[in-house]
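Visitor: Let me begin by handing over the structure; questions about it come next.
The values are calculated or read from the model by the stated rules, or taken from the named source; none is laboratory data. In this text the structure is predicted, and so the values were computed from the model without any measurement. Reconstructed Cβ throughout: ideal geometry from the backbone, glycine too, with neighbour counts over all protein chains shown. Just so you know, the surface numbers come from the protein's heavy atoms only, side chains and all, with ligands and any DNA or RNA stripped out. Shrake-Rupley method; radii C 1.70, N 1.55, O 1.52, S 1.80 Å.
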Amino acid sequence: MRLLIIGGSDAGITAALRARELDSTTEVTVVVADSFPNYSICGLPFFLSGEVSDWHTLAHRTADEIERKGVHLWLNHTAQSIDPEARSVTVVDQQGRAKSLSYDRLIIATGATSVNSTIPGSGLPGVHQLHSMADTFHMQKHLLDQAPRSAIIVGGGYIGLEMADALTHRGIKEVNLVVRSASVLRSTLSTSVARVVEQELRRCGVKITNGIAVEAIERTGERLTVMGTRGFKASADLVLVAVGVRPATTLARSAGITTGLHGAIRVNREMATNIPDIYAAGDCVETWHHLLRTYTYLPLGTTAHKQGRIAGENAVGGHRQFAGSLGTQVVKVFDLAVARTGLLEDEASATGYEPVGRNLATWDHKVYYPGARKLLLRIIGDQRTGQLLGGQIVGPWQAEVAKRIDTLAVALSYGMTVEALNDLDLSYAPPFSSPWDPVQMAAQGWTRGLAG
Ligand SMILES: Cc1cc2nc3c(=O)[nH]c(=O)nc-3n(C[C@H](O)[C@H](O)[C@H](O)COP(=O)(O)OP(=O)(O)OC[C@H]3O[C@@H](n4cnc5c(N)ncnc54)[C@H](O)[C@@H]3O)c2cc1C
């Protein structure tokens, strides 16, 4: 059996390794457009901040390690077309030489690309995007060669925030975050929680301008000027546009593969497309949402790994289903960890739930033991049934915020009520928690609030 995979990042390599793990007789080939298979894209901000000094260490695995697992890598080859009738893919190398590769099963894992081209001036020198190793080297060269003293980041999503932290860490004194919505992390956090993140950004010297849609970028000499609605105008030495991604699906579409939301490939929960023997996974596909019980577009590395593993398993004869995403995320913003899982109130209402959200501020561990840190937790539950719908936690990044959001993610995965969180046998010793963990205290606060 010949399994061909297009794309060699989180989804593609995970699929390849899973297929080989289950069936070592399968001939697995991965075609990768660049020479960086299996790099941790999630680590790019930490290389640019200087916290990770050697970019080579960002590789989850080296090319040699992947090949030693019996996976053939075709680096620097771009898939140009798929012929589902002939079961072949035409690839071209960097010199433009074409070759046809045959397959029995195909997995498309072409990921996503940054959305920036819609802003006039986004191609100017000094204006960056951040999605690939090439983007990273480009920005690193700018930082090294020109030592910019000021930066404007367009976009208040998690990449914009990580980069505000990274550029400040790198020594850029003036970092200006321009955000279209009324608060940062608009699609991740409720406004009251987002305000805490904004305070942290401001405390660390980042200027935030909310409610501005950027309309154009211009260059005058060495300076870049960003212009937006409501007369917004600001200049800096470097601009980063981080306003989201779109699925890279031109190749799939031209082969007759059905796409849906945002142009992402439509797959069933076995990660199969509408064309027999062609699967797809990662940022290029629509993602089944565990709570919404429908498809959405939720590009994340965690999801890409899971979907890739399922596509790899099913491509060699399995029938495993993707359980669904909850949108669980954590991001470090200066000294804070900011985490969320499940639904926000507006998403929950739109799905027919009756959501109520309640905040609780409490200590991460017993205050008498040194180093206790304050956490803000938000629990969202359905007031009719008591079902847990979502959670958000913000606190110092050493305060086990990620562990705690994961407790809520597990509870959501199994359809628990808010009250049932109190039945969980969670760990406790004074340096780590309290006899009731903060997530349980927040659950009790939610239930008390409901009782009036
Ligand atoms: C700066 C940054 C930070 C992030 N941080 C996090 C985080 O902390 N946590 C998290 O969960 N997620 C994070 N993400 C998101 C995560 O990186 C992506 O969800 C993940 O990389 C998606 O993996 P993928 O394999 O689907 O696609 P991609 O990583 O986009 O890779 C696509 C692959 O396909 C190849 N390719 C594309 N077209 C072709 C073609 N025609 N022929 C051959 N090869 C092709 C590319 O070369 C690449 O190998 C971050 C993303 C960025 C940009």
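Visitor: Using the heavy atoms of the protein chains and a 1.4 angstrom probe, tell me the accessible area per residue for the stretch 374-426 in square angstrom.
Guide: Per-residue accessible area for the stretch 374-426 comes out at 40 Å².
Visitor: Please find the FRET efficiency linking Asp83 to Phe432, where r is the Cβ-Cβ separation and R0 is fixed at 41 Å, and quote it to the nearest 0.05.
Guide: Once the sixth-power term is evaluated, E becomes 0.10.
Visitor: Between Arg68 and Arg230, what's the calculated FRET efficiency when r is the beta-carbon distance and R0 is 56 Å? Round to 0.05.
Guide: Taking R0 as 56 Å, the efficiency between Arg68 and Arg230 is 0.50.
Visitor: With a 1.4 Å probe and every protein chain kept in, tell me what percent of the accessible surface of the chain is carbon plus sulfur.
Guide: Numbers: 9950 of 19460 Å².
Carbon and sulfur: 51 percent of the exposed surface of the chain.
Visitor: Once you have the Cα-Cα distance between Gln398 and Lys173, take 0.36 nm times their residue separation minus that, and quote the gain in nm to one decimal. Don't jump to the answer; show the numbers that get you there.
Guide: Working: separation 225, 0.36 × 225 = 81.00 nm, distance 2.53 nm.
That pair, Gln398 and Lys173, stretches by 78.5 nm at full extension.
Visitor: How much length, in nm to one decimal, is gained on full extension between Thr302 and Arg269, taken as 0.36 nm per residue of separation minus their Cα-Cα distance?
Guide: Extra length available between Thr302 and Arg269 comes to 10.2 nm.
Visitor: Considering only C-alpha atoms, what is the centroid distance from the stretch 159-212 to the stretch 294-343, in Å?
Guide: 25 Å
Visitor: Quick one: which of 424-434, 202-212 comes out on top by average Cβ neighbours within 10 Å, and what's the full order, highest first?
Guide: Taking the mean over residues of other Cβ atoms within 10 Å, the ranking is 202-212, 424-434.
Visitor: Quick one: accessible area per residue over the stretch 231-343, 1.4 Å probe, rounded to a whole number of Å²? Walk me through the numbers before you get to the answer.
Guide: On the way: 4030 Å² over 113 residues.
Here the residues of the stretch 231-343 average 36 Å² of exposed surface.
Visitor: Grab the DSSP H runs of the chain that are 4 residues or longer, score each as -39,500 (n - 2.57), total them, divide by all residues and round the 222 nm result to the nearest 500 deg cm²/dmol.
Guide: About -7500 deg cm²/dmol.
Visitor: Next question. Express in whole angstrom the spacing between the alpha-carbon centres of the stretch 92-121 and the stretch 377-450.
Guide: Measuring centre to centre over Cα atoms gives 42 Å.
Visitor: Expressed in nm to one decimal, what extension gain is obtained for the pair Ser187 and Asp346 from 0.36 nm per residue of sequence separation less their Cα-Cα distance? Mind dumping the intermediate values first?
Guide: Values: separation 159, 0.36 × 159 = 57.24 nm, distance 1.00 nm.
That works out to 56.2 nm of additional length.
Visitor: Where only protein heavy atoms count, and the probe is 1.4 Å, what is the accessible area per residue for the stretch 101-172 in Å²?
Guide: 37 Å²
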